[in-house]
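Heads up: the structure comes next, in structure tokens.
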């Protein structure tokens with residue numbers, strides 16, 4: 001039985017939490033967000049890797065519980081990146097001969113090559129969710145890469161067009177999400193940061209693919225958008241608004257997660273999502289300084305000018321994977337304390 005979350009302003013993380021230095025080569029990690037597999041990132045030999053990842057997951061869970069987060073994740077300790085653990089486990093890919101696509105940074109990046117029909121032949125994150133559920137009584141969220149983003153991060157050598165490929169990615173995500181729901185997920189999140197990479201294609205078929213991926217899911221669902229990890233994508237290269245956002249009002253997702261603190265987003269955009277709960281980024285992950293609780297409270301209050309307390313979930317801008325652990329814990333403490341300040345003001 002999960003611990004009930006506050007009715008207003010529940011705190012959460014986007015997904016990832018810093019992996020320990022004994023688990024991953026953080027210097028190597030800092031240079032790339034891998035789309036293909038990157039086994040060299042792990043410090044632990046393969047026979048002992050799963051046990052080590054389990055131990056790191058327990059540490060992440062206990063940190064989030066101790067800091068007072070209302071909705072926690074497994075910290076994505078088993079992932080080389082937010083997307084490649086799931087994406088590369090699907091059938092229809094030639095991983096030995098990757099393709100290349102232009103990343104949002106402009107660099108050419110190795111990606112899975114699609115050479116056959118995309119299928120999910122086995123569970124990928126089911127054990128992850130079962131482990132998380134066994135190890136906490138808090139509300140638990142698990143994340144999956146979204147179908148549009150996975151299509152953008154693949155080289156299509158099989159399908160007639162990108163839309164057809166995205167819909168098969170969506171079917172695979174849906175099969176996984178249904179299993180994760182049965183395993184006790186209280187919230188299921190799709191990470192779709194590449195919606196802004198190709199907004200014209202997104203306008204044609206992203207909502208259709210997202211809705212297919214969430215078909216039959218009855219727990220709260222989130223679509224996460226961002227402009228890139230704060231310590232990977234420099235702030236000066238980030239736009240000040242989303243090229244694809246209002247369209248998500250037509251998705252079946254119950255929550256939309258947006259980056260706000262670092263890019264200083266004009267929160268008037270929340271009016272376009274009036275029917276959704278907004279998971280609002282109020283922690284700047286490009287700044288290694290730790291915000292005060294009052295700074296966080298101010299960012300939450302800014303969001304409340306455009307939505308109601310029962311429709312706002314305070315969170316970091318993005319995943320915390322690239323932060324030093326001590327910085328991440330300080331920022332999450334500020335998040336929890338800042339939300340508590342505003343909760344007292346509005347309740």
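All of the numbers you see were taken from the coordinates with simple rules; none came from a lab. Computed from a predicted structure; not experimentally measured. With ideal geometry, Cβ positions are generated from the backbone for all residues, glycine too; neighbour counts draw on all protein chains shown.
Distance from the Cα centre of the range 59-133 to that of the range 240-319, in angstrom?
Computed from Cα coordinates, the inter-centre distance equals 24 Å.
With just the Cα atoms defining each centre, how far is the range 26-47 from the range 183-230? Give it in Å.
Answer, in whole Å: 25.
List residues of the range 9-36, by number, whose backbone nitrogen lies under 14 Å from a label position 7 Å along Cα→C-beta of residue 44.
19-25
Would you mind putting 134-141, 220-227 in packing order, based on average other-beta-carbon counts within 10 Å, highest first? Walk me through the numbers on the way to the answer.
Numbers: 134-141: 17.9, 220-227: 24.4.
Averaged packing, sorted descending, gives the order 220-227, 134-141.
Output the relative contact order of the range 26-346, whole-number percent, from Cα pairs under 8 angstrom with separation of 6+ residues. Show your work: numbers first, answer last.
Values: 589 pairs, mean separation 42.7, N = 321.
Relative contact order for the range 26-346 comes out at 13 percent.
Run lengths n ≥ 4 of DSSP H only: what is the helix-derived mean residue ellipticity at 222 nm for the chain, with -39500 (n - 2.57) per run over all residues, to the nearest 500? Provide the component values of the computation, followed by the final result.
Working: 9 runs with 115 residues, N = 347.
Rounded to the nearest 500, it is -10500 deg cm²/dmol.
Based on the mean of other beta carbon atoms within 10 Å per residue, what is the order of 144-154, 19-29, most packed first?
Highest to lowest by the protection proxy: 144-154, 19-29.
Quick check on the exposure proxy: order 143, 295 from fewest to most C-beta atoms within 10 angstrom. Don't jump to the answer; show the numbers that get you there.
Values: 143 29, 295 17.
Fewest-to-most Cβ neighbours within 10 Å comes out as 295, 143.
Kindly provide the pair-distance distribution of the range 26-346 built from C-alpha pairs, with 20 Å bins from 0 and whole-percent values in order of increasing distance.
33, 62, 5
Nearest 0.05, what FRET efficiency do residue 341 and residue 130 give at R0 = 56 Å with Cβ-Cβ as r?
Values: r = 36 Å, r/R0 = 0.64.
Here the calculated transfer efficiency is 0.95.
Between residue 266 and residue 21, what is 0.36 nm times their sequence separation minus the Cα-Cα distance? Round to one decimal in nm. Walk me through the numbers before you get to the answer.
Working: separation 245, 0.36 × 245 = 88.20 nm, distance 3.66 nm.
Value of the extension gain: 84.5 nm.
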